[in-house]
Amino acid sequence: MRSLDEIFAEQFKKRNLKFDKKSLATEALNDPEVKNFLSQNKDLITQPILNRSLSNIYEFVHQKNSNDKTIDGYQPILAYNSDLKIIEIRYTLTNELHRH
């Protein structure tokens, strides 16, 4: 089974982009919503949990900033899954969908 790093690197290469996992992680971790979430959950989230969750955090930032939404009418939120000990993405209805 291939690692996510290998898959990402391959996809970036196909698009003639440079894959830099560290800069992508730094960018995602500097997002204000991510910083707020991590601050609010600092007693729960250890460095190993954060490391395991980096791809989810990056996907969260990408989804919230993208016009190409995975699930139209929903917005991503970060949530801590205490059973799996990971930060995950959940989706909640947008205000627009609530009005219909």
Kindly state, to the nearest 0.05, the FRET efficiency for GLN47 paired with SER23, given R0 = 30 Å and r defined as their beta-carbon distance. 0.95
Which ordering of LYS22, LYS35, LYS85 is given by a fewest-first count of other beta-carbon atoms within 10 Å? LYS22, LYS35, LYS85
So what are the ³J(HN,Hα) numbers for the stretch 71-86, from phi and the Karplus equation (6.51, -1.76, 1.60; θ = phi - 60°), rounded to whole Hz, Gly and Pro as x? 10, 4, x, 10, 10, x, 9, 8, 9, 8, 9, 6, 5, 8, 6, 8
Can you run phi through the Karplus equation (6.51, -1.76, 1.60; θ = phi - 60°) for the stretch 34-39 and list ³J(HN,Hα) in whole Hz, with x for Gly and Pro? 5, 4, 4, 4, 5, 5
Chain lengthening between HIS62 and ASN95 when straightened (0.36 nm per residue, less Cα-Cα): 9.9 nm
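FYI, it's all coordinate maths here, none of it is from the lab. What you are looking at is a predicted structure, and each value in this text was computed from that prediction instead of being measured. Reconstructed Cβ throughout: ideal geometry from the backbone, glycine too, with neighbour counts over all protein chains shown.
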